[in-house]
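Read through the structure below, which is laid out as structure tokens, and then see the notes.
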2 protein chains.
Amino acid sequence: MSKLTDVPKRILIGRALRSDRLGETLLPKRIALPVFASDPLSSVAYAPGEVLLVLSIAGVSAYHFSPWIALAVVVLMFTVVASYRQNVHAYPSGGGDYEVATTNLGPKAGLTVASALLVDYVLTVAVSIASGIENLGSAIPFVVEHKVLCAVAVIVLLTLMNLRGVKESGKLFAIPTYVFVSGVFVMIAWGAFRGLVLGDTMRAPTAEYTIKAEHQGLAGFALIFLMLRAFSSGCAALTGVEAISNGVPAFRKPKSKNAATTLAMMGLLAVTMFCGIIVLALVTKVRMAENPAADLLHHGVGVGSGYVQNPVITQVAEAVFGKGSFLFVVLAAATALVLFLAANTAYNGFPVLGSILAQDRYLPRQLHTRGDRLAFSNGIVLLAGAAMLLVVIYGADSTRLIQLYIVGVFVSFTLSQIGMVRHWNRHLATERDAGTRRHMVRSRAINTFGAFFTGLVLVVVLVTKFTHGAWVALLGMVIFYATMTAIRKHYDRVAAEIVAPEEPGDDSVRPSRIHSVVLISRIHRPTLRALAYAKLMRSDTLEALTVNVDPAEMKVLREEWERRGIDVPLKVLDSPYREITRPVIEYVKSLRKESPRDAVSVIIPEYVVGHWYEHLLHNQSALRLKGRLLFTPGVMVTSVPYQLQSSEAARNRARRRQDWSAPGAVRRGPAGERGTGERLAGQRAAGERGAGEKSAR
Amino acid sequence: MSKLTDVPKRILIGRALRSDRLGETLLPKRIALPVFASDPLSSVAYAPGEVLLVLSIAGVSAYHFSPWIALAVVVLMFTVVASYRQNVHAYPSGGGDYEVATTNLGPKAGLTVASALLVDYVLTVAVSIASGIENLGSAIPFVVEHKVLCAVAVIVLLTLMNLRGVKESGKLFAIPTYVFVSGVFVMIAWGAFRGLVLGDTMRAPTAEYTIKAEHQGLAGFALIFLMLRAFSSGCAALTGVEAISNGVPAFRKPKSKNAATTLAMMGLLAVTMFCGIIVLALVTKVRMAENPAADLLHHGVGVGSGYVQNPVITQVAEAVFGKGSFLFVVLAAATALVLFLAANTAYNGFPVLGSILAQDRYLPRQLHTRGDRLAFSNGIVLLAGAAMLLVVIYGADSTRLIQLYIVGVFVSFTLSQIGMVRHWNRHLATERDAGTRRHMVRSRAINTFGAFFTGLVLVVVLVTKFTHGAWVALLGMVIFYATMTAIRKHYDRVAAEIVAPEEPGDDSVRPSRIHSVVLISRIHRPTLRALAYAKLMRSDTLEALTVNVDPAEMKVLREEWERRGIDVPLKVLDSPYREITRPVIEYVKSLRKESPRDAVSVIIPEYVVGHWYEHLLHNQSALRLKGRLLFTPGVMVTSVPYQLQSSEAARNRARRRQDWSAPGAVRRGPAGERGTGERLAGQRAAGERGAGEKSAR
């Protein structure tokens, strides 16, 4: 596997950064923009098409509403960008929406946001890859003919790369993102030049087609509902806008200011591209239908199920640049690549959020430590599995996947903005400086409007999309929420149970003596070493213990014990049924019963081998015995390892693994720079002190 | 699951025996016969049919050879029974063919026999269940219409029962076996009475059919080859004959004599039934074809693929008792049940042989201990999986499965008999008593004839069946052989590596001091307990060690450490990248580097929880750290468990599991009665002393 993924990795990623160089890699704005904006910028590849698709239900004539819908999306985009610029200034720690909601609205709101974001990451992977495949497919027919297969293959590739430990590098994001952005701008400019100056008539490949309206002549409430649904679909352009607010620590100083500027640039680029594509689509007469097979007509005849509906962006590119032209192919490739990068960001975001949630004990603790490969892998595999499931179920159809997508985004937008309003209210209550107050009031106004607008959009999305698939996303959120609540409850119960009493004497009986028992099966180097170590430990008593499963073998052991003059008494337990675990457990319990204030130290010699299959051949009885001993109170279990020659290989493997570093590090910024850890640790420590005092009362 | 399998288990099995009552349950002959003979007796349900099937290739006229083939099978059966009566007397320890071959012909021959037997157990399950389903299907059409499904269901049921721990009881075997045997005898007697006394003409349901011979008028070598093939198929009646020689310890005294008598009874019953069924089949004009769809003609027309060819035994029963009559249904049901019981014997035989092989270090050691549930389960699942695979691949068609079956049996027959010849030669070389010598010479003659005859049959089977499927069985044997050889090689290499030197000073540097390190994450009951235990151990130095992944958390920890006045120095390791494992490992290594003659004792507090999913939430860092520490030389790793309340559930579960006892115990006899253990342990001990002396030289 190592070799398998190395070549594409080197090609795509360049040399990986060593983790001790992490501190040097703060991002300048020109790199931060592509790193954080690949997700929102790439969404202009599918959002305009979705608007047209929905409008087509009322026939081609409804397309003339599309500029108004684009305008609404632009206003929303500016609102959201303006709101998040406030977040970035107020929370430079990079905690993002989860932190904002938790701090200002309490843990339940925070957990809701976290659930929404987790679902969102899954959908980012599914939607971006499905859309990327469709864009690639407009240039390479094979890809679109095997859509699901290709989408799954890309997910598998991304997963392997991330499991191997791919470090994000700025360049990786910069080149395709800038190629994509420039490509779209060149397309818009060249289209405007051809249309306005040269007076060319540019025709999209679908310009000749007509659309059979499912509902001809919609009016009144039905028309408004359709417009709102089209607007909801257009809101897909906003997904990923919040990414920068999670990444403030990765920016060069002044961090907040640079992040806010980058956010504004991103918003500007996104709306320009979005509007440009919509306008070009209208001019070149792109025709999109929700069910192209039946509703898209060519000379009055349905195009049939064999028809592949290409994305708006490639149809426009075809009209402007010409089909198969160099620029057309470059744009299609850059679009696909940016969409795959957008999917890759979820691979990084998921474990980062997971680590924050783990710190707050909503997820298993081991997710907390950075660079914990195993825990990270679990997250990656979970994310990839869920995304793959969605891709397969929805046939890698970006239009159907997008129905699920936008709920989560707007749940976190809305809660985050409401949290920001609270944040400013709290600060305004104590702030006296007039200048700062004026600033805060302005920020609060922006966030209030943001909360109102995004909340409205959330309602619109829920109403217009619920039966179209939004319920699936909501169900996913509920599952995440319930799981994380249960985990937190478990940790809280355990924490209450193990909290240390303030008075040392308050604890249950402390042991006064240690009785050591060395388990012996036969006499060889591992057992002799265990005996030597046990003797050095100078516990109160020491004996060797063996289980007699075979009288002949036992006789040999006893004889050798005497012949070697081993000065530790050998206790033999009979086991007529050849069991090992039960007699040992019962003996240990009997020791405890004799003198309840003693602790028993059971010392077990163990072989250490190099391969998992060798491991199957050793230590199995020891493992099971250890498992049972852990449940026996007043016992400590010591392994004395004996490294066999083959263990050398495993040691080297482990050493190599150590040099692995988790993906996503660039976006998170250096570890020392993050504030979240401190804040939450402080909270937790406070909470525990509280619990400690309570139990001491 | 517990409840799910309990009801059928109670119905089928009755109350399980407690393991401490095992000693009382030695088997009288009348119970031992059904316990050990269900496998060979049940094979008369399919063997006669296989003879007719093969003969049908040369047309119905070839059926008149069948009595001669039956005669050859009878002679072979008597030879094998007579030979095994010698085994039973010479090896009362129940080691069976593996022991005989290993002792007399060396480990390679033994391992070959073992591989053959392991393959055989798999095939016993597959063939018996496929045949049982076919017999059941002659009474219940649904079963035969869903042959593969029903066969898999029966395998799953048997597997679940055996995983749960079903104790064989004599009654379980006695009732269906005696019903089956009586049923067949009643059928033979009633058939003879009707035919000879009443002069009835009994007609099998297929009597009207004709067979299109694939090779009409075969003669010369081709005919002989076909006869040999038919004989090979008839040899299926001999499978399982060796079972009694594995079970001598389970007999009442005089064990060997009783076992030999039972063996003779079994042989007599089997040949009578086999011949009776063949004769009745000829009289009632049963017609069987290898490819019934094409070759079985009704009024000159092929019966087509929808035709179900019922087993000979049910066709004969239909002719004798009448279709759907009470006795017909009883016999069909008893036949199916006996065949399922025969399959069940493999579930017991497989782990018994596995435990003997594990004792000889050809299989993982943990298989050795009796009542080791986990190891036993692995064997059960392996057996069931392989049998299920065969059943699915071969469409639960007993005829096709039987092609694979007989090779393994005759490999072990032949090697075992050759081994017996060697055995007598060795004893004759020293024996002086004339009477005993005469006896031995007679036994040797029997075994020589047995070896010759079974060897001949093995060659015949290989020649006639190789391309029909025997190669699959041989491949299976080769895989088992290679795996077991590799495992033995590994154990031998390890044993040589760890053998204790004779002079204590000869060992590598022994540690002179112990440096104890208690890992601390936070202060709570588990860490306080670990500290208390560590202090009691009185090692040379003691310090607490913590990893600083979060400065704020660390500050809180330090403050509490001081406030509580804990009198152990707290060492803090910095970890800017939030790793835990690496800093600890590096610190331990640095301690070892400073004073290489010291050993380091790392003490880790652990939570003990009750459910596996709770376990996922705890100790993961500790587990990984322990895993890495074991590879670090000069380290001992101590777990100090802290039992949380939820661990109570797990403790109770473990306690219940302890009362589980392995199936197959009845056939193995009481543990103390077995000689194999002693013999092999003696050998091993001798071998090790040898190795020890060698290394001391």
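No value in this document is a laboratory result; all are computed from the given coordinates. Predicted model, so just to flag it, every value in this text is computed and none were measured. Positions of Cβ are generated from backbone atoms using ideal geometry, with glycine treated the same way; all protein chains shown enter the neighbour counts.
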Query raised in the report: Each residue of the stretch A:247-262 in turn: what ³J(HN,Hα) in whole Hz from Karplus with 6.51, -1.76, 1.60 and θ = phi - 60°, glycine and Pro shown as x?
Result: x, 3, x, 7, 7, 6, 6, x, 4, 4, 5, 4, 5, 5, 4, 4
Query raised in the report: Setting aside same-chain residues fewer than 8 positions from B:Lys593, which lysines have a Cα under 22 Å from its Cα?
Result: B:Lys571, B:Lys626
**Report entry** Tilt relative to chain B, helix B:525-536 - C-alpha long axis, 0 to 90 degrees, to 10
**Finding:** 70 degrees
Report task. Return one number: the angle in degrees, 0 to 90 and rounded to the nearest 10, between the long axis of the Cα atoms of helix A:66-90 and the longest principal axis of the Cα atoms of chain A. Result -> 40 degrees
Query - Within the protein assembly as shown, percent of DSSP bridges classed antiparallel, to nearest 5 - result: 20 percent
**Report entry** Antiparallel content of DSSP bridges confined to chain B, in %, to 5
**Finding:** 15 percent
Query raised in the report: Where a Cα-Cα gap under 24 Å defines reach, which lysines qualify for B:Lys257, not counting those fewer than 8 residues away within the same chain?
Result: B:Lys29, B:Lys171
Query - Whole-Hz couplings from phi, Karplus 6.51/-1.76/1.60, listed for the stretch A:143-159; x for Gly and Pro - result: 4, 6, 6, 10, 3, 4, 4, 5, 4, 5, 4, 5, 4, 4, 4, 4, 5
Query raised in the report: Could you give the distance between the Cα centres of the stretch B:431-486 and the stretch B:77-153, to the whole Å?
Result: 14 Å
**Report entry** Residue-averaged 222 nm ellipticity for the protein assembly as shown, from DSSP H runs of 4+ at -39500 (n - 2.57), nearest 500
**Finding:** -21500 deg cm²/dmol
Query raised in the report: What are the label-to-label distances in nm, one decimal and shortest first, from B:Ser305 to the same spot in the other copies, with labels 7 Å along Cα to Cβ?
Result: 2.7
Report task. Classify the protein assembly as shown as rounded, prolate or oblate, taking a ≥ b ≥ c as the square roots of the eigenvalues of its Cα gyration tensor: rounded when a/c is under 1.5, otherwise prolate if a/b is larger than b/c and oblate if not. Result -> oblate
Report task. For B:Lys108, list the lysines whose Cα falls under 21 Å from its own Cα; do not include residues on the same chain fewer than 8 positions away. Result -> B:Lys489
Query raised in the report: Under the definition of partner shielding as Cβ atoms of other protein chains within 10 Å of a residue Cβ, what is the mean value for peptide A:488-495?
Result: 3
Requested in this report: Take every residue in peptide B:523-529, count the Cβ atoms of other chains within 10 Å of its Cβ, and give the average of those counts.
Outcome: 6
Query - Euclidean distance between Cα centres, the stretch B:205-240 to the stretch A:174-234, Å - result: 78 Å
Report task. Go ahead and collect, in residue order, the members of the stretch B:315-350 whose backbone nitrogen is under 16 Å from a label point 7 Å along the Cα-Cβ direction of B:Tyr178. Result -> B:334, B:338
Requested in this report: Determine ³J(HN,Hα), in whole Hz, for all residues of the stretch A:621-638 in sequence, where each value follows from phi through the Karplus function 6.51 cos²θ - 1.76 cosθ + 1.60 and θ = phi - 60°; x replaces Gly and Pro.
Outcome: 5, 4, 4, 5, 4, 4, x, 6, 4, 4, 7, 8, x, x, 10, 10, 10, 10
Query raised in the report: If one computes the Cα centroid of the stretch B:535-610 and of the stretch B:286-330, what distance in Å separates the two points?
Result: 79 Å
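Per-residue counts of other Cβ atoms within 10 Å, averaged by peptide: what ranking do you get for B:137-144, A:420-427, highest first?
Going by the mean number of other Cβ atoms within 10 Å, highest first, we get A:420-427, B:137-144.
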Report task. Let me know the shape class of chain B, please: from the alpha-carbon gyration tensor, a ≥ b ≥ c as square roots of the eigenvalues, rounded when a/c is under 1.5, otherwise prolate if a/b is greater than b/c, or oblate. Result -> prolate
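Relative contact order for chain A using alpha-carbon pairs under 8 Å, separation at least 6, rounded to a whole percent? Spell out each step's value before the answer.
On the way: 1090 pairs, mean separation 154.9, N = 697.
For chain A, the relative contact order is 22 percent.
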Query raised in the report: Can you give the FRET efficiency for A:Ala222 and B:Val308, using 1/(1 + (r/R0)^6), R0 = 60 Å, r = Cβ-Cβ distance, to the nearest 0.05?
Result: 0.45
